[in-house]
Each structure stands twice: as structure tokens, then as C-alpha cells.
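Let me begin by presenting the structure, written as C-alpha cells, before commenting on it.
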Amino acid sequence: MAHQKGWTVARPDQYPLFETTISRRGRAWRWVVSSTEGKILMLGTEGSRPAAKYQAHRALFLLLSAAPYRSIRQEASKAIE
């Protein structure tokens, strides 16, 4: 889909979607980052729920910042300049 100034707007089906889940496992909290298909991408355990939530969000951020489509967007924006 073309947009103004030569930008291309991506359709939602072009990007992967991820989920974070936090669950209690005994005395620890388990966090999981997975794809919407259920494939586990990252996981870990923490001693408290806030720490597990933080680590799950941190892992998701790192996953998104290292995504292959980011380098394509950066190269495209350099080419436009």
C-alpha cells in the first residue's frame, strides 16, 4: 500500500506478533515470550511477579529491536534521504 512521500505502509500480516505470559510455578514466577502460534522464543523465572513482568517485557523489547525488518526499514530510510 503506497502512502504519501514514497512511504509504504505495512499490512498487519507482514509483521510477526508476540505474546508475553507470566505464571506462578511453585515459589517462582515463570515468564514466556512466544509467537501467536505458541512457539516459545524466550523464557525465564524470577522470584517476584514484578520482576518476571519486567524481564518478559525486556525480552520482548530485545526481540523486537533485533528483528530483521528493522534493518530493512533503516536501509530504506537512508536511501530516501
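FYI, it's all coordinate maths here, none of it is from the lab. Every value quoted in this text rests on a predicted model; they were computed, and no experiment measured them. FYI the Cβ positions are ideal-geometry reconstructions off the backbone, even for glycines, and counts take in every protein chain you see.
Among Ile22, Ile40, the order by Cβ neighbours within 10 angstrom, fewest to most, reads Ile40, Ile22.
Net charge near Val32: determine it from the other residues with C-beta under 15 Å of the C-beta of Val32, scoring Lys and Arg +1 and Asp and Glu -1. For residues surrounding Val32, the net value is +4. Label-to-label distance, Thr21 versus Arg58, with points set 7 angstrom from Cα along the beta-carbon direction: 2.2 nm.
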